[in-house]
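These notes are about the structure you will find just below.
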Amino acid sequence: MPQPTDFAPLIHQGATACARAVAAGEATALELCDAAIAAIEAKDGALNAVVLRDFDRARDQARAADARRAKGERPALLGVPMTVKESFNIAGLPTSWGLPPFRDFRPATDAAAVQRLKAAGAVILGKTNVPAALADWQTANPIHGRTVHPLDASRTPGGSSGGGAAALAAGLVALELGSDLMGSLRVPAHFCGVWAHKPSTGILPMRGQAFPGTPDTLGPPPDLPTVIGPIARTADDLLLALDVLAGPEMPMAQAWQLQLPPPRQPDPARWQVLVLDAHPLAPSDTEVRGAVAEAARRLQAQGARIMGAADLPPGALPDLAVLHRAYQQWVMTVLGAFEPGAECDLNAHEWIRLVADRGRLRAQCFALLERVDAIVMPAFGCAAFAHQDDPDWRRRTLRIDGEDTPYEAQSAWASLASLASLPATAVPVMAGAGGLPLGVQVIGPWLHDRGTIDVARRIAGAGPRA
């Protein structure tokens with residue numbers, strides 16, 4: 001009889017490999033489930049990534065997946081062992097967002113995305129760790145403690161989807177579901193050397209991923225550009241998960257369906273790619289800029305025309321400082337209006353002006369992406385950093401190229417894609433001098449999610465999809 005360790009390499013290959021193996025009869029869903037459980041039990045004590053374990057029900061799901069296969073069914077994620085971020089509702093499990101007042105909040109129903117994953121045959125082993133209120137680029141909270149980087153326990157795996165990125169990078173599971181408002185998918189993927197996709201705003205269902213105890217009908221407060229998305233091992237895994245998760249819920253689903261377009265231009269020799277490695281408000285270190293340059297070099301070697309900001313006509317690139325400040329104000333205003341204990345001090349006229357500013361900046365971003373096929377830029381200005389314990393972000397600093405820089409400034413790298421509702425794919429590129437992963441994010445036109453994944457695939461050297 002095969003041992004759980006026999007299937008560990010298959011899980012490490014990712015969701016596509018696992019689903020194919022189950023469909024072909026090379027492994028059963030229960031065997032993969034047991035292998036993932038064995039990996040979590042053996043490795044996660046040191047990582048503290050999978051903080052809510054649901055192994056008995058996972059085995060039940062695996063047996064049900066094997067029964068579906070026996071009946072001839074082949075759903076897309078059949079038998080894939082995975083986890084989801086703690087902030088997603090799973091019936092019967094706590095959803096606290098790492099906040100002690102909600103330690104015992106147990107929703108009665110699964111989040112919409114979790115329902116879709118289960119319907120596609122995925123086997124969900126539990127939930128992964130988050131920072132308190134999902135509000136940090138490291139992962140620690142008073143309920144579940146701290147998650148550490150799989151390669152260096154003194155460093156963070158990122159946040160707020162840090163537990164999921166760590167679990168995936170360590171080979172504990174084949175797929176993860178996370179969320180992103182200020183880089184919460186992209187930063188952990190960059191730190192841990194895995195893939196992630198922040199989708200175009202509005203195409204994946206948000207219901208069941210709301211602040212604990214707040215009304216949750218169709219998702220977060222209106223106009224908050226929070227998205228959910230997959231963390232994975234490969235481009236094919238991202239596409240597999242995207243196909244399962246994307247699309248409207250009822251009642252919208254009775255009137256329209258989503259059909260994402262193919263990559264706008266499949267031939268990289270015809271691509272125009274804008275490369276940005278500097279930001280007026282956020283420093284990036286030499287290694288990160290080196291990863292951006294390496295990504296550009298790989299695309300150029302395939303025929304793409306690489307452009308810098310200086311190659312654009314005057315005014316084509318939005319003012320990145322203005323854009324970031326507008327996004328910060330937008331997020332804080334919407335959160336302040338809806339989250340318990342927060343404050344919102346804008347009057348109606350100021351809000352209308354803020355809406356107009358956001359619309360103008362989005363229009364500039366859309367126009368820019370009519371000129372170029374993709375933007376390649378850092379997801380964060382440095383590799384995984386050492387854990388920081390000071391609760392006051394204003395006192396935190398990051399050492400970048402020998403200088404102490406403000407911690408909070410790094411939020412600027414997430415703003416362009418988030419404010420403009422654009423898709424962004426995080427892809428690993430190389431390792432730094434200390435062995436830590438370095439990645440980039442690829443941003444593309446709204447609803448061209450398949451295009452950003454395709455560009456990321458070319459950066460990774462995987463070639464066109466078979």
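The values are calculated or read from the model by the stated rules, or taken from the named source; none is laboratory data. Keep in mind that this is a model prediction, so the values were computed, not measured. Note that we place each Cβ from the backbone using ideal geometry, even for glycine, and neighbour counts take in every protein chain shown. Side chains are part of the model used for accessible areas, which takes the heavy atoms of the whole protein and leaves out ligands, DNA and RNA. Shrake-Rupley method; radii C 1.70, N 1.55, O 1.52, S 1.80 Å.
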| Criterion: at pLDDT below 95 and among the hydroxyl-bearing types (Ser, Thr, Tyr) - qualifying residue of 5, 28 | 5
| message | It is to be established whether one or more residues within the range 400-423 are touching a strand residue (DSSP E or B) at 6+ places or on another chain (Cβ under 7 Å), over 23 Å from residue 294 (Cα atoms) and open to solvent by 30 Å² or more (accessible area, probe 1.4 Å). | response | yes
| task | Take the residues in the range 169-190 that are within 12 Å of the chain's Cα centre (by Cα) and among the hydrophobic types (A, V, I, L, M, F, W, C), then tell me which one is nearest to residue 15 (Cα to Cα). | result | 175
| said: Step by step: first the residues of the range 351-394, then only those that are of a type in the set (D, E, K, R) and without any contact (Cβ under 8 Å) to a residue 60 or more places away in the chain, then the one that is nearest to residue 155 (Cα to Cα). Which residue is that? | reply: 389
| What about residue 168, is it buried (at least 24 other Cβ atoms within 10 Å of the Cβ) and in a loop (DSSP other than H, G, I, E, B)? | no
| note | All-but-one check, residue 464 against (1) within 20 Å of residue 271 (Cβ to Cβ); (2) modelled with pLDDT of 95 or more; (3) not small (Gly, Ala, Ser), failing number (2)
| Condition met for residue 154 (open to solvent by 10 Å² or more (accessible area, probe 1.4 Å) and touching a strand residue (DSSP E or B) at 6+ places or on another chain (Cβ under 8 Å)) | yes
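Of the residues 81, 131, which is in contact with a Cys (Cβ under 6 Å, 6 or more places away or on another chain) and closer than 28 Å to residue 182 by Cα?
Criteria check complete, one pass: 81.
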| request: Take the range 135-165 and flag every residue that is of a type in the set (A, V, I, L, M, F, W, C), under 13 Å from the mean Cα position of the chain (by Cα) and either modelled with pLDDT under 95 or in a loop (DSSP other than H, G, I, E, B) (or both). | output: 137
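Hand me the list of strands (runs of 3 or more DSSP E) wholly inside the range 353-466 holding 2 or more residues that are within 23 Å of the chain's Cα centre (by Cα).
Ranges flagged: 374-377, 424-431, 437-443.
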| said: Residues that are crowded, with 20+ Cβ neighbours inside 10 Å and without any contact (Cβ under 8 Å) to a residue 40 or more places away in the chain, at least 2 per element: which helices (runs of 4 or more DSSP H) completely within the range 1-115 meet that? | reply: 29-47
| query | (1) touching an Asp or Glu at 6+ places or on another chain (Cβ under 9 Å); (2) open to solvent by 10 Å² or more (accessible area, probe 1.4 Å); (3) under 15 Å from residue 418 (Cα atoms): which one isn't true of residue 182, the others all being true? | reply | (1)
| request: Taking only the range 125-172 into account, find how many residues are touching a helix residue (DSSP H, G or I) at 6+ places or on another chain (Cβ under 9 Å) and among the basic types (Lys, Arg). | output: 2
| message | residue 126 - would you say it is part of a strand (DSSP E or B) and in contact with an Asp or Glu (Cβ under 7 Å, 6 or more places away or on another chain)? | response | yes
| query | Pairs under 7 Å by beta carbon, first residue farther than 19 Å from residue 227 by Cβ and of a type in the set (S, T, N, Q) in the range 116-142, partner part of a strand (DSSP E or B) and at pLDDT below 95, six or more apart or different chains? | reply | none
